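The values are calculated or read from the model by the stated rules, or taken from the named source; none is laboratory data. None of these values were measured; they are calculated from a predicted model. Counting neighbours? That spans all protein chains shown, and the Cβs are built from the backbone with ideal geometry, glycine included. SASA here: full protein model, heavy atoms, side chains in, ligands and nucleic acids out. Shrake-Rupley method; radii C 1.70, N 1.55, O 1.52, S 1.80 Å.
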Amino acid sequence: MATIFIAEDEPKLRQIYTEELEDDGHTVITADNGKSALQILKTAEKIDLIILDIKMPQMNGIELIEQIRGINNNVPIIICSAYEGLKTDFTIVTSDIVEFLIKPVDINYLSKKVAE
């Protein structure tokens, strides 16, 4: 199974994602803001997938993606955002991003995408 990192400032969503992914057998590491996410990612031994909220305190998701790519250019990223307009305006959407999910995220669909 995979080691999944979740950067999400909303506690309830973090809990829902974590419970679902752990039930699927994955190891989950979480952060509640961009700055702590970056610190964890700098020291993490193995991250197979990142699930990332765009709007977070201390460092937003776009800034965080730029920092992540300086650390690990290969880890896949799934973005979860309540701001659907970002999907078309998102200038970083390239091969770096495997999926852009609009909140509220269908947890079964997220689980399916993680399995892929």
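Couple of notes before you dig in:
- Residues that are open to solvent by less than 50 Å² (accessible area, probe 1.4 Å) and either of a type in the set (Phe, Trp, Tyr) or touching a residue at least 60 places away in the same chain (Cβ under 8 Å) (or both), drawn from segment 23-41: HIS26
- Flag if GLN58 is open to solvent by 40 Å² or more (accessible area, probe 1.4 Å), farther than 18 Å from GLY70 by Cβ and not aliphatic (A, V, I, L, M): no
For (1) within 21 Å of LEU21 (Cα to Cα); (2) at pLDDT 90 or above; (3) loosely packed, with under 14 Cβ neighbours inside 10 Å; (4) touching a strand residue (DSSP E or B) at 6+ places or on another chain (Cβ under 7 Å), each residue gets a yes or a no:
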position	(1), (2), (3), (4)
THR43	no, yes, yes, no
LYS46	yes, yes, yes, yes
ILE51	yes, yes, no, yes
GLU66	no, no, yes, no
GLY85	no, no, yes, no
THR88	no, no, yes, no
THR94	no, no, yes, no
